[in-house]
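Everything below concerns the one structure shown next.
Each reported figure results from applying straightforward, stated rules to the coordinates on display, with no laboratory input. Computed from a predicted model, the values in this text were never measured in an experiment. Virtual Cβ from ideal backbone geometry, glycine too; neighbours counted across all protein chains shown.
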């Protein structure tokens, strides 16, 4: 388990992390989201003792990271896939780290195989692609067979097979009862991998909950129906909080009512609905809505208003 209380980190006059409280529980994948500059990397660095909090505390399994006698066996972390000596081979890199904790060569070979690197174990790290470096970083994080795994953008540079491997690995680790904290900017991947989300913006927590709860609280459910009695349906569900728009022949989209209430109102009015569908916003929609006011670097083109002519 990872727990933070009133955690603050300041660099001079700039506050990178602004008094946040959170808990990352075992047995699930917790997604750690936020725009660039939100404080995610700073928070992860404080978890593993690379940065000292200005105030507050963060603990792993009830202790500060530095208090663990064998931290590699408690927490496996990938913060920078390039953090390896370029002149060493993958095997040498892992053996050097394993030696600090008395971890044997058999475990080194095991994580190399797990990461799909056994065929390049004798290759120098300096010749690795970004994806191979990510795999080596993940192998390093798993070297001590830790109960807590923290990965920052682990799918960067990976091909589709590698992305799926990371997804499956994270789900497997969580199913084994481990604590998994995963940072990524890929919302589609996070929606398939994470159970819970912590969303940061300018050092503050913007949302903390299950993926479904976060999406439901920020986005609207849309009920799409098809009926020959559109005018009567609009009259039957008319309310100040209900919005109805025509989207095609006999097709309507309704917000402000659940599908059950729309169907009940139609039934009471004797209106036949020959199609009823519901859709909620995506994780990407929820994320963009949550962080709209906390993006440090914003381009002139947005998903809601793009001037196509400007691209010509």
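Between residue 263 and residue 229, full extension at 0.36 nm per residue minus the direct alpha carbon distance yields a gain of 10.9 nm.
For residue 175 and residue 67, what does the FRET efficiency come to when R0 = 22 Å and r is the distance between their Cβ atoms, rounded to the nearest 0.05?
Computed FRET efficiency for residue 175 and residue 67: 0.15.
Packing around the peptides 195-202, 64-71, 284-291, taken as the average count of other Cβ atoms within 10 Å per residue, puts them in this order, highest first: 195-202, 284-291, 64-71. Note: relative contact order over the stretch 220-279, using C-alpha pairs below 8 Å and six or more positions apart, is 52 percent. Give the shape of the stretch 124-170 as rounded, prolate or oblate, defined through the alpha-carbon gyration tensor: a ≥ b ≥ c are the square roots of its eigenvalues, a/c under 1.5 means rounded, and otherwise the shape is prolate if a/b is larger than b/c and oblate if not. Since a/c reaches 1.5 but b/c is at least a/b, the shape of the stretch 124-170 is classed as oblate. Taking 7 Å steps out from each Cα toward its Cβ at residue 242 and residue 13 produces label points 5.5 nm apart. Measuring r between the beta carbons of residue 113 and residue 192 and using R0 = 25 Å, the FRET efficiency lands at 0.50. Against the main long axis of the alpha-carbon atoms of the chain, helix 105-114 sits at an angle near 30°. Highest mean packing comes first when the peptides 18-25, 100-107 are listed by Cβ atoms within 10 Å, giving 18-25, 100-107.
Here the relative contact order of the stretch 2-210, from alpha carbon pairs under 8 Å that lie six or more residues apart, stands at 31 percent. Annotation: peptides 229-236, 33-40, ranked by per-residue average of other Cβ atoms within 10 Å with the highest first, follow the order 33-40, 229-236. Post the alpha-carbon centroid distance, the stretch 148-166 to the stretch 218-287, in whole angstrom. Here the answer is 39 Å between Cα centres. Approximating the spin labels as points 7 Å out from Cα along Cα→Cβ, the residue 204-to-residue 124 distance works out to 5.0 nm. Angle of helix 160-175 to the longest C-alpha principal axis of the chain, folded into 0 to 90 degrees and rounded to 10: 90°. Quick one: grab the alpha carbon gyration tensor of the stretch 220-279, order the square roots of its eigenvalues as a ≥ b ≥ c, and give me rounded if a/c is under 1.5, else prolate or oblate depending on whether a/b is larger than b/c. Here the stretch 220-279 falls in the rounded category. Spin-label model, residue 6 to residue 88: label points 7 Å out along the Cα-to-beta-carbon direction sit 4.0 nm apart.
From a point 7 Å beyond the Cα of residue 276 in the direction of its Cβ, which residues of the stretch 220-253 have a backbone N at a distance under 13 Å? From the stretch 220-253, the list is 223-227.
May I ask you to derive the FRET efficiency for residue 251 and residue 284 from their Cβ-Cβ distance with R0 = 30 Å, giving the value to the nearest 0.05? In this case the efficiency is close to 0.75.
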